[in-house]
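Notes to accompany the following structure.
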Amino acid sequence: MEQSLRREKKNPLLFSAQVALSLSVGLIAAYFFTGRWNVVWVLLLAGTVLWCSDKILVSRERRAVVLSAVFGAAMAAAAVVGRKIQVETKDFLALRSSDFLFLLGLFVLFTVVLAVLLPLLVQWSEKIGVKKTFRFSPRKAGLLAFLVVFVCWLISFLVYYPGSLSIDSFYTLRQAMGITPLTDYHPVVYTLLIRLFVKLGMLVGGPTVGVAVFSLAQMFFCAFTVGYGTAWLCRRRPHPAVPVIAVLWFALSPMFADFSFTLWKDVPFAAAVLLYTLYTWDVVESRGEKLQSFKGAAGYVLVSFLMGIFRHNGYYVLILSTVVLLVCFRKKLRRTLPALLCGALLVPLVLNAFYACGVKKGPFSESLSIPVQQIARTVKLNGTITPEQQESLERLFDVEKLQGYDPFLADPAKNSLNREYLNAHKGEFFRLWFSLLPGNFGEYCRAYLMQTYGYWNWEPKTIPVGGIANAARELGVTKVNWLFQWTGVDLSGFLQQTMDFPSTGTIVWILLAGALLLLYRKNYRTLLAYLPAAGVWLTILVATPLYCSMRYVLALPYVLPFLLFLSLFGESGASSFKEEPSA
């Protein structure tokens, strides 16, 4: 009744301004997205803006508008700047005056749509809520989820038997087979696990069987984490559709299947991040009580170790999470400190034990992708360089090789480093990098944005391996399509065609939207559940060797359905979630 009265008293001048703004935004957004003023798109977008702005004026949701404006500004900037980056020509186009018009139009579009969506999502989630009489046994649901996912992935495995191997997999496999010495370039524990399962497989066959045994073991672990996550969901009495959607998210995507049997450290790391995220949220939800029992503390130490050992940036994520948890539990440090410290210290203790046994550390240069790219772009484009800086450049780099700078791949620039000199003069490298910044700030920014392009913009896409690199065949690993040989049905073409998956940037923005929803609901404590995912994303943003690759942030699609569940159905303070005992 109140809303209808407001509509009747609507100011004609205000309504005219709404219509004018909506048409302007519709024209701008339609041209940005389609490259022309398509009448259908213009009317659709203009109508959306008009309807949303009317809803905003009626509801007067100031909090939703403010949060949406901040988020909308970030999305608009990512969209406009992203269009300046040309992957095909490896160029960064200059900003034009029209780009600021696009920025303004997209900002208004994203803001008004989000300002309406946020309250609607909250109303919808409160309407569905949790089921007080949820009848599924968490353990049985988890077991069923594990079986469904594993069987679905097994079909793809039989097509790509004995697994997918890239050139990185080849180098790891060489170490696992003892052909080259162990190094920490790829995590030692992961390499040793490959060695264990490959040797077990080779007892009954050759290298192909050995790789297949490890692939199955990795598939089992990844499917187990999905089953664990499903049981975790069911203990929170969701709507029955929630765990079903979560399972289908993993089971029906050929991308998850292909990654599950790809010999990359990123795969078990992603599964470990999922375990750590869910377990740590249980700890937060219990207000630290879960760490006070031996079983709870041991579980936390185990998931911490898995996340920290399977990928080098995992340890930085662990340290970040540990510091935040220590702050959260500062009044209960006597009871929570032992488990948190053990979780943080176990990884370096194990790694130092490997180093003491002769395992070599990975090259220091592998962590310098971003600064090396910024220096390389400065040299390539004849930036501002003083004679003293030039001398330092010539000591640290093969300057001629820097001319092979690729704005989307750090390897050419890193290969130009004088690694022996760098290892002895790390301080000089960072002084050079910092001293070049003031005179080449613009190129530094462009180098960074191009190198990280796929992790903040939703357009670039990559696909998994789906096969065996030629180098791996040198080790006696051969591909066999067992499904075709047994049934005469060749699904390889179908799987490749359906390998499409939301881009890395799209996954990132969906998770950011989930965090935005928590801010709108004032559910600040549940933001802690996003901490491991945020850590993964941020560490990639400061050290990614490639502009776009799902493997580096595979943890994000793994945790996505579970974090969105918390964003949608977690009540204020998340205190409403009371686990049922496992059946």
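Go through segment 305-330 residue by residue and tally those that are open to solvent by 60 Å² or more (accessible area, probe 1.4 Å) and not hydrophobic (A, V, I, L, M, F, W, C).
Qualifying residue count for the region: 3.
Of all residues in segment 173-218, how many are part of a loop (DSSP other than H, G, I, E, B), of a type outside the set (S, T, Y) and in contact (Cβ under 8 Å) with a residue 12 or more places away in the chain? Walk me through how you get there before you give the answer.
Applying the first criterion (part of a loop (DSSP other than H, G, I, E, B)) to segment 173-218 yields 177-182, 184-187, 203-206.
Remaining after also requiring of a type outside the set (S, T, Y): 177-179, 181-182, 184, 186-187, 203-206.
Cutting the leftovers down to in contact (Cβ under 8 Å) with a residue 12 or more places away in the chain gives us 177-179, 181-182, 184, 186-187, 206.
Of the residues in that region, 9 qualify.
Have a look at F221, F269 and point out the one that is under 23 Å from N313 (Cβ atoms) and crowded, with 22+ Cβ neighbours inside 10 Å.
Numbers: F221 fails: crowded, with 22+ Cβ neighbours inside 10 Å.
F269 is the lone residue from the list that is under 23 Å from N313 (Cβ atoms) and crowded, with 22+ Cβ neighbours inside 10 Å.
Quick one: what pairs do we get from segment 499-517, first residue modelled with pLDDT under 95, second in a loop (DSSP other than H, G, I, E, B) and aliphatic (A, V, I, L, M), C-beta under 7 Å, 6+ apart or different chains?
So the pair list comes out as M499/I463.
Would you mention how many residues in segment 262-304 are in contact with a Pro (Cβ under 8 Å, 6 or more places away or on another chain) and not in a helix (DSSP H, G or I)?
2
Residues in segment 67-109 that are on the phi > 0 side of the Ramachandran plot and either open to solvent by less than 70 Å² (accessible area, probe 1.4 Å) or of a type in the set (S, T, Y) (or both): how many?
Step one: of segment 67-109, the residues on the phi > 0 side of the Ramachandran plot are 90.
Filter again for either open to solvent by less than 70 Å² (accessible area, probe 1.4 Å) or of a type in the set (S, T, Y) (or both), leaving none.
Of the residues in segment 67-109, 0 are on the phi > 0 side of the Ramachandran plot and either open to solvent by less than 70 Å² (accessible area, probe 1.4 Å) or of a type in the set (S, T, Y) (or both).
Kindly indicate the residue of segment 131-147 that is outside any helix (DSSP H, G or I) and open to solvent by less than 50 Å² (accessible area, probe 1.4 Å) and also modelled with the highest pLDDT among those meeting that condition.
Filtering segment 131-147 for residues outside any helix (DSSP H, G or I) gives 131-137.
Now restrict to residues that are open to solvent by less than 50 Å² (accessible area, probe 1.4 Å): 134, 137.
On the way: F134: 61, S137: 88.
Checking each candidate, the answer is S137.
How many residues does segment 389-414 hold that are out of contact with any Ser or Thr (no Cβ under 7 Å at 6 or more places or on another chain), closer than 24 Å to C445 by Cβ and either open to solvent by 20 Å² or more (accessible area, probe 1.4 Å) or basic (K, R) (or both)?
First pass over segment 389-414, keeping only residues out of contact with any Ser or Thr (no Cβ under 7 Å at 6 or more places or on another chain): 390-396, 399-400, 403-409, 411-413.
Adding the requirement that they be closer than 24 Å to C445 by Cβ leaves 390, 392-393, 396, 399, 403-409, 411-413.
Of the ones still in play, those that are also either open to solvent by 20 Å² or more (accessible area, probe 1.4 Å) or basic (K, R) (or both) are 390, 399, 403-406, 409, 411-412.
Here the count works out to 9.
If I ask for residues that are part of a helix (DSSP H, G or I), without any contact (Cβ under 8 Å) to a residue 24 or more places away in the chain and either under 19 Å from W51 (Cβ atoms) or among the hydrophobic types (A, V, I, L, M, F, W, C) (or both), which ones from segment 28-40 would you list?
Residues satisfying the conditions are A30, F33, V39, V40.
Please indicate, with yes or no, whether at least one residue in segment 120-127 is touching a residue at least 60 places away in the same chain (Cβ under 8 Å), surrounded by 20 or more Cβ atoms within 10 Å (Cβ to Cβ) and either under 30 Å from G206 (Cβ atoms) or in contact with a Leu (Cβ under 8 Å, 6 or more places away or on another chain) (or both).
no
For segment 229-247, does any single residue satisfy the condition of being polar (S, T, N, Q) and surrounded by fewer than 22 Cβ atoms within 10 Å (Cβ to Cβ)?
Residues of segment 229-247 polar (S, T, N, Q): 230.
Then keep just the ones that are surrounded by fewer than 22 Cβ atoms within 10 Å (Cβ to Cβ); that gives none.
No, because not a single residue in segment 229-247 is polar (S, T, N, Q) and surrounded by fewer than 22 Cβ atoms within 10 Å (Cβ to Cβ).
Here is a yes/no grid of residues against (1) under 25 Å from S24 (Cβ atoms); (2) modelled with pLDDT of 95 or more:
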site	(1), (2)
F71	yes, yes
I85	no, yes
S97	yes, no
L104	yes, yes
E126	no, no
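Can you report the number of residues in segment 331-382 which are open to solvent by less than 50 Å² (accessible area, probe 1.4 Å), out of contact with any Gly (no Cβ under 7 Å at 6 or more places or on another chain) and closer than 30 Å to W281 by Cα?
Number of matching residues: 7.
When you look at L302, is it open to solvent by 30 Å² or more (accessible area, probe 1.4 Å), modelled with pLDDT of 95 or more and either touching a Phe, Trp or Tyr at 6+ places or on another chain (Cβ under 6 Å) or not aromatic (F, W, Y) (or both), yes or no?
Yes; evaluated as a whole, the condition is true for this residue.
Among the residues of segment 372-405, how many are more than 23 Å from D168 (Cα to Cα), in contact (Cβ under 8 Å) with a residue 24 or more places away in the chain and part of a helix (DSSP H, G or I)?
14
Assuming A534 fulfils every condition listed in (1) in contact (Cβ under 8 Å) with a residue 40 or more places away in the chain; (2) within 18 Å of Y453 (Cα to Cα) apart from one, which condition is it?
Checking A534 against (1) in contact (Cβ under 8 Å) with a residue 40 or more places away in the chain; (2) within 18 Å of Y453 (Cα to Cα), the one that fails is (1).
Condition first: of a type in the set (A, V, I, L, M), open to solvent by less than 60 Å² (accessible area, probe 1.4 Å) and without any contact (Cβ under 8 Å) to a residue 60 or more places away in the chain. Now tell me which residues in segment 17-27 satisfy that.
First pass over segment 17-27, keeping only residues of a type in the set (A, V, I, L, M): 17, 19-21, 23, 25, 27.
Next, from what is left, pick out any that are open to solvent by less than 60 Å² (accessible area, probe 1.4 Å): 17, 19-20, 25.
Selection gives A17, V19, A20.
Could you list all residues from segment 429-449 that are part of a helix (DSSP H, G or I), open to solvent by 20 Å² or more (accessible area, probe 1.4 Å) and over 24 Å from S549 (Cα atoms)?
If we filter segment 429-449 for residues that are part of a helix (DSSP H, G or I), which is where we start, we get 429-436, 438-449.
Of the ones still in play, those that are also open to solvent by 20 Å² or more (accessible area, probe 1.4 Å) are 430-431, 433-435, 438-439, 441-443, 445-446, 448-449.
Those that are part of a helix (DSSP H, G or I), open to solvent by 20 Å² or more (accessible area, probe 1.4 Å) and over 24 Å from S549 (Cα atoms): F430, R431, W433, F434, S435, P438, G439, F441, G442.
The values are calculated or read from the model by the stated rules, or taken from the named source; none is laboratory data. Predicted model only: the values in this text are computed from it and were never measured. Using ideal geometry, Cβ is built from the backbone for each residue, glycine included, and neighbour counts are taken over all protein chains shown. These area figures cover heavy atoms from the full protein model, side chains too; ligands, DNA and RNA do not enter into them. Shrake-Rupley method; radii C 1.70, N 1.55, O 1.52, S 1.80 Å.
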